[in-house]
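Here the structure comes first, spelled out in structure tokens, and everything after it is commentary.
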Amino acid sequence: MKFSACTFHLLAAILLFGGISSLFGRSAQVLYFKAPKNAPQSVHIYQSATQSVEVDLKRNNFSKSFNLEDGAITLRFLGTKLQEGQEFPVAAPSLEVPADYDKVLILAFANPRNPVFPVRFKVIKANDETFGPGDRMFINFTDYRIVGNVGNQKLDLASHSIKVVSDAAKPKQSYQVRLDRVDPAIGKPYTFIRQAWRQSSTKRVLIFVYSAPGSGSVTYYSAPVHNL
């Protein structure tokens, strides 16, 4: 089989930027948002008793994509690779990935109570129909309710909840974001976000709403997802 020069360069670019998993089969990425200073720098993720992939636990950006096996699977996590003949620790953190999760985002959180690996994990379904290219997923870690408008879409985000905003504007179009945080004690709204954002047709974005450690203030961080 012969390939044109254009086809060859396209394949080379896909391999270079880690996008090959987005074309073939299931894929996943991991983010350890705002990890403590002593947190592990990487994790070995097992889909079987012997085969693993080492993935960086990045603090502010998602890791490169890695492939997932077909069907419902259990992911298990270790700080170091198992040696030959070594049994898998019973207390190691694990995660169930349903069969219909084709695109997967994994969020890591500190769990000092786990003696094997002090991290717990949460899975997010990022299939196109659930959290697709151009969508923004808001994750509220605070006790405040977040309300307002994201472009032409309304957002009412309860405390400790998740919502996806789709079609906030046409691709490449700028739009206004006007969000308030509502004090749970008195129900009073306070200005939270007043910005102009741009609609993407290709990029998913997670928006973490959180309170900085030791502070009662509420802020946010945007984590784009590339080549999932």
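The values are calculated or read from the model by the stated rules, or taken from the named source; none is laboratory data. This is a predicted model, so every value here is computed, not measured. All Cβ positions, even for glycine, are placed from backbone atoms using ideal geometry, and neighbour counts span all protein chains on display. To get the accessible areas, we keep the full protein, side chains included, count just its heavy atoms, and leave off ligands, DNA and RNA. Shrake-Rupley method; radii C 1.70, N 1.55, O 1.52, S 1.80 Å.
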**Prompt:** Exactly which trypsin sites (Lys or Arg not before Pro) in the stretch 95-152 are in a DSSP loop and have at most 16 other Cβ atoms within 10 Å?
**Reply:** 113
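Find, among the chymotrypsin sites (Phe, Trp or Tyr not before Pro) in the stretch 20-81, those assigned to loop by DSSP (not H, G, I, E, B) with at most 13 other beta-carbon atoms within 10 angstrom.
Working: sites: 24, 32, 33, 46, 62, 66, 77; in loops: 24, 32, 33, 62.
Taking the stretch 20-81 and a limit of 13 other Cβ atoms within 10 Å, the loop chymotrypsin sites (Phe, Trp or Tyr not before Pro) found are 24.
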**Asked** Going by the alpha-carbon gyration tensor, a ≥ b ≥ c the square roots of its eigenvalues, is the chain rounded (a/c under 1.5) or, if a/c is not under 1.5, prolate (a/b greater than b/c) versus oblate?
**Response** oblate
**Asked** Summing +1 for each Lys or Arg and -1 for each Asp or Glu, what net charge is found among the other residues whose Cβ lies under 14 Å from the Cβ of residue 91?
**Response** +2
**Message:** Could you tell me the ratio Rg/Rh of the stretch 18-105? Both radii from Cα atoms, Rh via Kirkwood.
**Reply:** 0.96
**Prompt:** What is the antiparallel percent of DSSP beta bridges lying wholly in the chain, to the nearest 5?
**Reply:** 85 percent
**Message:** If I model a spin label at residue 39 and residue 162 as a point 7 Å from the Cα along the Cα→Cβ vector, what separation in nanometres do I get?
**Reply:** 1.6 nm
**Request:** Give me the percent of the accessible area of the stretch 142-197 that comes from carbon and sulfur atoms, probe 1.4 Å, all protein chains in place.
**Result:** 47 percent
**Prompt:** When the helix-only estimate is applied to the chain (DSSP H runs of n ≥ 4, each -39,500 (n - 2.57), divided by the residue count), what is the mean residue ellipticity at 222 nm, nearest 500 deg cm²/dmol?
**Reply:** -2000 deg cm²/dmol
**Asked** Quick one: if you stick a label point 7 Å off each Cα along the C-beta vector at residue 191 and residue 219, how many nm between them?
**Response** 1.8 nm
**Normalised contact order of the stretch 110-228, rounded percent, pairs of Cα under 8 Å and 6 or more residues apart** = 24 percent
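Determine the per residue accessible area of the chain with all protein chains present and a 1.4 angstrom probe, expressed in square angstrom.
I get 57 Å² per residue for this part.
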**Prompt:** Using a basic spin-label model with each label point 7 Å from the Cα along Cα→Cβ, how many nm lie between residue 90 and residue 64?
**Reply:** 3.7 nm
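Over 30 Å between Cα atoms: which of 37/122; 103/170; 81/103; 103/188; 125/188 fall into that group?
103/188; 125/188
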**Request:** Please report how far the C-alpha centroid of the stretch 122-197 lies from that of the stretch 200-228, rounded to the nearest whole angstrom.
**Result:** 10 Å
**Item:** Ordering of 180-190, 50-60 by burial proxy (mean other Cβ atoms within 10 Å per residue, highest first)
**Value:** 50-60, 180-190
